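Down below is the structure, laid out as structure tokens.
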Amino acid sequence: MKPLIVGKPEPHMIETALSRLGTARNATLMIGDQIQTDIQAGKRAKLPTVLVTTGVPPREDPSLVPPDFIVSSLAEIEVPAALVERIRQRSS
């Protein structure tokens, strides 16, 4: 048996989590502070993505793998109703 190494940006662990949790893609966000791992993984898993700019200092250009949303703090996601509506509109 050959071992399978799984890590971001590969979407396998995200897809497994969605399946095990019974969570729909249209009700899920990939939130992260790294473009090449977090945002890329969300894109590969076909999830809407949110880049949080308060984590690791920005070393990457967001235009390389454009997130769907950029926030400066997780507090900006505190009231998700408007954000959820925007995600649904983009998914339609």
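A short reminder: the numbers here are calculations on the coordinates, not readings from a lab. Predicted, not measured: the structure shown is a model, and the values here were computed from it. Glycine gets a Cβ as well: all are built from the backbone with ideal geometry, and neighbour counts include every protein chain shown.
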Within the range 25-39, which residues have the backbone N less than 20 Å from the label spot 7 Å out from Q89 along Cα→beta-carbon, could you tell me?
-> 26-30
Residue by residue through the range 2-11, the couplings from Karplus 6.51 cos²θ - 1.76 cosθ + 1.60 with θ = phi - 60°, in Hz, x for Gly and Pro, are 8, x, 10, 9, 10, x, 5, x, 5, x
Under 13 Å Cα to Cα from K43, which aspartates and glutamates show up? Leave out anything in the same chain fewer than 8 places away.
-> E10, E15, D68
In whole Hz, what ³J(HN,Hα) sequence does the range 37-53 give by Karplus (6.51, -1.76, 1.60; θ = phi - 60°), x for Gly and Pro?
-> 10, 5, 5, 4, 4, x, 4, 5, 8, 6, 10, x, 10, 10, 8, 9, 8
If the cut-off is 17 Å between C-alpha atoms, which aspartates and glutamates fall inside it for K8, apart from same-chain ones fewer than 8 positions away?
-> D33, D38, E60
Quick one: Karplus J couplings for the range 63-76, per residue in order, coefficients 6.51, -1.76, 1.60, θ = phi - 60°, nearest Hz, x for Gly and Pro?
-> 6, 5, 9, x, x, 6, 9, 10, 10, 8, 7, 4, 4, 5
So if R0 is 30 Å, what FRET efficiency would I70 and K2 give, r being the distance between their Cβ atoms, rounded to the nearest 0.05?
-> 0.20
